[in-house]
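Just so it is clear, none of the values below were taken in a lab; they were calculated from the coordinates. On a predicted model such as this, the values are computed, not experimentally measured, just so you know. A quick note on method: Cβ atoms are made from the backbone with ideal geometry, for glycine too, and the neighbour counts reach across all protein chains shown.
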Amino acid sequence: MKRWDGILIALFLLPAALWLLLQRPQPERLLVNIYVDGELVSSAPLPAQATALRIEGVGGYNLLLLEPDGVRMQAADCPAGDCVHSGKITRAPMAIACLPHHVLVVLEGAAETGEGGVDIVAG
C-alpha cells in the first residue's frame, strides 16, 4: 500500500466516522404519569436523584421509587405484591400496574419542544 492510498482511505473514513458519531440517537426525555382509579394524579419528568413517592391507592398504599434511569415499585401492601415484583421500567411506553389498589404508573415520552423532528416518513 502506498502512502497516498492510506491518505485517501483516511479522507473517506474520517467523515463517515464523524457522521456516525453525530447521528447517535438523543436520549428520550421521559415523563412518569401516575393514575389512581383511572385519574391522572401526578405527571413529572424522571428526577436527577432517586426519590421515593408514596401513592395512596384504593384500599392501600404503594411506594414508588423514581430514579434517573427508570421507575420501580419498591413496596405495596396489596396481597400478592405483583407490582413490586414487576421490576424497573426504563422506556416508554412501559407500565407498572397494581390492580388491587387501582394504581397505574406509565413512562411516556415527553413532547418535543420546538426541535422540529420528523414524526413519520411515508413513501
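Multiplying the sequence separation of residue 82 and residue 40 by 0.36 nm and subtracting their Cα-Cα distance, what value in nm do you get?
That works out to 13.0 nm of additional length.
Can you sort 84, 32, 105 from fewest to most other Cβ atoms within 10 Å of each residue's own Cβ?
Ordered from fewest to most neighbouring Cβ atoms within 10 Å, 84, 32, 105 come out as 84, 32, 105.
Using the crude model of +1 on Lys and Arg Cβ and -1 on Asp and Glu Cβ, and no other charge, please compute the dipole size for the range 30-109 relative to its Cα centre, in debye to 20.
200
Report D for the range 41-100 in µm² per second (integer): Stokes-Einstein, Kirkwood Rh on Cα pairs, 4 °C, 1.567 mPa s.
Approximately 109 µm²/s, per Stokes-Einstein.
Assuming R0 = 41 Å, what is the FRET efficiency of residue 52 and residue 13, from their Cβ-Cβ distance, to the nearest 0.05?
0.25
Starting from the amide H of residue 102, placed 1.01 Å from N in the peptide plane, find each other amide H under 5 Å away whose residue is 5 or more places distant or on another chain.
58
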